[in-house]
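Quick notes on the structure that follows.
The values are calculated or read from the model by the stated rules, or taken from the named source; none is laboratory data. Values in this document were obtained by computation on a predicted structure and should not be read as measured data. No Cβ is skipped: glycine too gets one built from the backbone with ideal geometry, and neighbour counts run over all protein chains shown. Ligands, DNA and RNA are stripped out before the accessible areas are found, and what is left, the full protein with its side chains, is counted by its heavy atoms. Shrake-Rupley method; radii C 1.70, N 1.55, O 1.52, S 1.80 Å.
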Amino acid sequence: MSLSIAASTQDLQPETVFDLLQRVRRRTPRVHAITNAVAQGFTANVLLALGAIPSMTIAPQEVASFAAGADALLVNLGTLDETRRAAIPLAVAAARENNHPVLIDPVFVNLSPVRCAFAKELLAFQPDLVRLNEAEQNALFHDRADVEALIAQGTVLAVTGERDKIESRKRDFHLLNGDPLMARVTATGCAGGAVLAAFASVEKDTALAAAAGLSVFNIAGEVAAGQAAGPGTFVPELLDALYSLSLSDIEARLRSA
Amino acid sequence: MSLSIAASTQDLQPETVFDLLQRVRRRTPRVHAITNAVAQGFTANVLLALGAIPSMTIAPQEVASFAAGADALLVNLGTLDETRRAAIPLAVAAARENNHPVLIDPVFVNLSPVRCAFAKELLAFQPDLVRLNEAEQNALFHDRADVEALIAQGTVLAVTGERDKIESRKRDFHLLNGDPLMARVTATGCAGGAVLAAFASVEKDTALAAAAGLSVFNIAGEVAAGQAAGPGTFVPELLDALYSLSLSDIEARLRSA
Amino acid sequence: MSLSIAASTQDLQPETVFDLLQRVRRRTPRVHAITNAVAQGFTANVLLALGAIPSMTIAPQEVASFAAGADALLVNLGTLDETRRAAIPLAVAAARENNHPVLIDPVFVNLSPVRCAFAKELLAFQPDLVRLNEAEQNALFHDRADVEALIAQGTVLAVTGERDKIESRKRDFHLLNGDPLMARVTATGCAGGAVLAAFASVEKDTALAAAAGLSVFNIAGEVAAGQAAGPGTFVPELLDALYSLSLSDIEARLRSA
């Protein structure tokens, strides 16, 4: 198997990140998010603050209509019930047929073998982007060769944690922004996935879109943490920061390595 | 068909609006809300801030008990899954039998033919109030005669947008309050529907109740926008404004035309 | 039947309450919460602010895996649909097998006979803790003898209201903290149940754990009410207060009688 993992690590330019953010704000893409019950409200508000439009039905009867007309599809596997299991393949097929980017977020696959098996089936759809943390990555892939096989088929991997790594066939990004308060609020990771989906809808280079989207979200988190007294006041501040994030905020804070 | 659409447009008096708000605060009506998964938490908090009591089960086994004992029923068609489809007719029948007002909010019927067909069936129940935006109105009604037929049978229509219009057999209201930030927060429209349901439970003139309820909600939105730095801080400010809205706030801001 | 209801009422010491809070913060227990759709997001944020970890799936296929590996199980009966009905017994059995404490919160059993019957079946599992208000207590128990039989079998009862009472075989607590704004925000009671579950996971004396957990939550409510202008700004302040609650906050405010 010929692997592209020798891809060079690239620096991210503030102007590029801001340009993609402005594209989202101007085009107001609709992201159809099949996401977990805990994350729905916050994810919708993150998308709206960013300038995108959320839709969120999980009903199998209508999810294909919603996904076909959306600009990107987010599939988050939290609270994976029967309705979501039935809806997800229909939504992915509709998004694929209409050439919309598809992002998979295999939340907590490390805690549930059934969910992990379902996530593995989804990888066969060759999603554009998979967002996960290290524990989820270890549950989902047998070894490094498994990871590299996925990347070789064209999927971009965004592995989040204290440091974030974007891996793709062409190039990698190592990102250093964010604040510990983000982990003290539910569904920040899930909502961050929706941000990546919005960015992927305005930029065909998915690795670049993911790097820019994650940087915007994490920089907004830093700005918010500077204003907040704790995880409660952090949430409204994060949404305000996403809403008004400027080029100079990005220039002052963007850190990749 | 004899139509009453020649109804005269009426001005709304601040004292009337405040009187209805005070009735809600004193009587603490329970609104049973079958609403979408994204809107549930925010809708419950809007009702509580207003002085009403939310209940929100969608389980077919128990929704009739909840709706029968409530003071009004809100049916919002967002995230319309099998459980909601089964529950809605049972809840509407229970509310009807007990003479509680029924409000239908056909969210996103323009994006889903299946949902649109379901919404049309619900109109046959002759709901007291239908709240929708222009895109949803265009999807739901074939032409203006369709709209007028619904109004002629006694249903009040609240068409929301930059300007809001309440249409009824007897009279119309044109309302001008609100703030653009309301569209940058998920489920403000949905939660606004719950406010209308609460107002309809304390005033038999449904058009007047809808006009007063929408004005209260939109004026609270204006007060909140004046305090907020973005869509994040807007949410807690909106709830605080609903909680403490005074006659002088209404006098200073109420705009109808 | 030999009853232990002659248990003496005990004072709660601030140092004890703070010690249990610090245990939660250090051990970061995972609480699996099967809770209602309205409460999920807020409950997750309350647990995270407290220092615990939420998991929330209700899918019958995977709920046993989640509950088996968690440190405590919360079963809240709000929005009790088919999926939740199927999941709850599986989760309770998995928690029991692994000796994790189980807390039942029979929300609104007074409004739904079907739900009340289901709650009665759950009491046969001998939960460690049942949290409810007076109306729910009156619906769930035929008379005082019924209540006492449950306590005699080892279940601790937390009856919340303007004053809170913890009843157990060994001793009772009467608690006086809290603020009226807590009732103007949805799911504060439900989220409070999750706090009790977190405390029960770090202290085998369940009555003491419940008294300490409830006091922490209600004192955080008082601190938040002192900062908030209404029920909207109250929510972020409550989360911040939980996050940073100190021994001196508890010393200054703890009231039991």
Q) In peptide C:31-38, how many Cβ atoms from other protein chains are near each Cβ within 10 Å, on average? A) 4
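How big is the dipole moment of chain A about its Cα centre under a simple scheme where the beta carbon of each Lys and Arg is +1, that of each Asp and Glu is -1, and everything else is neutral? Debye, nearest 20, please. Don't skip to the answer; put the middle values down first.
Values: 21 positive and 28 negative charges, 65 e Å.
The dipole magnitude comes to about 320 debye.
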Q) Tell me which lysines have Cα within less than 23 Å of A:Lys120's Cα, excluding those fewer than 8 residues away on the same chain? A) A:Lys165
Q. Under a straight-distance cross-link criterion of Cα-Cα below 12 Å, which aspartates and glutamates are reachable from C:Lys170, leaving out those fewer than 8 residues away in the same chain?
A. C:Asp205
(Q) If each label sits 7 angstrom from Cα along the C-beta direction, how far apart, in nm, is A:Lys170 from its counterparts in the other copies? (A) 6.5, 6.5
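Once you charge only the Cβ atoms, +1 for Lys and Arg and -1 for Asp and Glu, what is the size of the charge dipole of the stretch A:119-180 about its Cα centre, to the nearest 20 debye?
Values: 8 positive and 12 negative charges, 50 e Å.
I would put it at about 240 debye.
Using DSSP to call loops (not H, G, I, E or B), can you name the GluC sites (Glu not before Pro) in the stretch A:159-250 whose Cβ has at most 14 other Cβ atoms within 10 angstrom?
Values: sites: A:Glu162, A:Glu167, A:Glu203, A:Glu222, A:Glu237; in loops: A:Glu162, A:Glu203.
In loop regions of the stretch A:159-250 (DSSP not H, G, I, E or B), the sparsely surrounded GluC sites (Glu not before Pro) are A:Glu162.
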Q | Accessible surface of C:His32 - all protein chains present, 1.4 Å probe, nearest 10 Å² | A | 0 Å²
Q. Loop-only check: which GluC sites (Glu not before Pro) in the stretch A:63-123 are DSSP coil with at most 16 other Cβ within 10 angstrom?
A. none
Q) Binning every alpha carbon pair distance of the stretch C:99-209 at 5 Å from zero, what are the percents per bin? A) 2, 12, 22, 27, 21, 12, 4, 0
Q | A versus C: buried accessible surface, summed, Å² (probe 1.4 Å, to nearest 100) | A | 1900 Å²
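Sorted by average packing, counted as other Cβ atoms within 10 angstrom per residue and highest first, what order do C:16-26, C:206-216, C:133-143, C:53-63 take?
Packing proxy ranking, top to bottom: C:206-216, C:53-63, C:16-26, C:133-143.
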Q. C:Ala33's amide H: which non-local residues (gap 5+, or another chain) put their own amide H closer than 5 Å, with H modeled 1.01 Å from N in plane and none for Pro or chain starts?
A. C:Ser55, C:Met56, C:Leu74
Q: Enumerate the helices in chain A for which the Kyte-Doolittle hydropathy averages -1.0 or more and the C-alpha atoms extend at least 27 Å along the helix's axis, using complete DSSP H runs.
A: A:206-227
Q: With θ set to phi - 60°, apply the Karplus curve 6.51 cos²θ - 1.76 cosθ + 1.60 along the stretch A:172-177 and write out the HN-Hα couplings as whole Hz, x wherever there is a Gly or Pro.
A: 10, 10, 10, 10, 10, 7
Q: Please list, in chain and number order, the residues 5+ apart from C:Asn133 or on another chain whose amide H is under 5 Å from its amide H, with Hs placed from the backbone.
A: C:Thr160
Q: With all protein chains present, calculate the accessible area of C:Leu239 using a 1.4 Å probe and round the result to the nearest 10 Å².
A: 10 Å²
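What is the sum of charges, Lys and Arg at +1 and Asp and Glu at -1, for the other residues whose Cβ falls under 13 Å from the Cβ of C:Arg25? Each step should come with its number before you reach the end.
Working: positive: A:Arg184, C:Arg23, C:Arg26, C:Arg27; negative: C:Asp19.
Every neighbour counted, the sum reads +3.
Under a 1.4 Å probe, what is the accessible area of the protein assembly as shown per residue, stated in Å²?
Values: 26390 Å² over 771 residues.
Here the per-residue accessible area is 34 Å².
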Q: With the convex hull built on the Cα atoms of chain A, state its orientation-averaged projected area in nm².
A: 12.2 nm²
Q: Report the percentage of all Cα-Cα pairs in the protein assembly as shown whose separation exceeds 51 Å, rounded to a whole percent.
A: 11 percent
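Quick one: of the DSSP bridges fully inside the stretch B:8-253, what percent are antiparallel, nearest 5?
Details: 6 of 26 bridges.
Percent antiparallel among DSSP bridges in the stretch B:8-253 is about 25.
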Q) For A:Arg255, which sequence-distant residues (separation of 5 or more, or a different chain) have an amide H within less than 5 Å of its own amide H, given hydrogens modelled in the peptide plane? A) A:Leu176, A:Asn177
Q.
Going 7 Å from Cα along the Cα-Cβ axis for the label, what nanometre distances separate B:Gln227 from the same residue across the other copies?
A. 1.5, 1.5
(Q) 7 Å along Cα→Cβ for the label point: how many nanometres lie between C:Ser244 and each equivalent label in the other copies, listed shortest first? (A) 2.1, 2.1
Q. Over the stretch B:8-253, what is the relative contact order in whole percent, taking alpha-carbon pairs under 8 Å and six or more residues apart?
A. 23 percent
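Using packing as a proxy for protection, rank C:169-175, C:240-246 so that the peptide with the highest average count of other Cβ atoms within 10 Å comes first.
Details: C:169-175: 18.9, C:240-246: 20.7.
Descending packing order for the listed peptides: C:240-246, C:169-175.
Given a 1.4 angstrom probe, I'd like the percentage of the accessible area of the stretch C:8-253 that is carbon and sulfur, rounded to a whole number.
Details: 3860 of 7990 Å².
It is 48 percent, rounded to a whole number.
Run the dipole for the protein assembly as shown about the Cα centre, Lys and Arg Cβ at +1, Asp and Glu Cβ at -1, nothing else charged, and hand back the magnitude in debye, nearest 20. Present the calculation step by step, with values, prior to reporting the outcome.
On the way: 63 positive and 84 negative charges, 115 e Å.
Dipole size: approximately 560 debye.
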Q. So what's the net charge close to C:Ala152: Lys and Arg +1, Asp and Glu -1, counting the other residues with Cβ under 13 Å from its Cβ?
A. 0
Q: Grab the other residues whose beta carbon is less than 12 angstrom from that of C:Ala64, score K and R as +1, D and E as -1, and report the net.
A: -1
(Q) Inside 10 Å of the C-beta atoms of B:57-67, what's the mean count of C-beta atoms belonging to other chains? (A) 6
Q) Across the residues of B:102-112, average count of Cβ atoms on other protein chains within 10 Å? A) 3
Q: With a 1.4 Å probe and every protein chain left in place, tell me how much accessible area B:Cys190 has, in Å² to the nearest 10.
A: 20 Å²
Q: Of the options C:Cys116, C:Leu103, C:Pro236, report the single residue whose Cα projects farthest towards the positive end of the charge dipole of the protein assembly as shown (beta-carbon charges: Lys, Arg +1; Asp, Glu -1).
A: C:Cys116
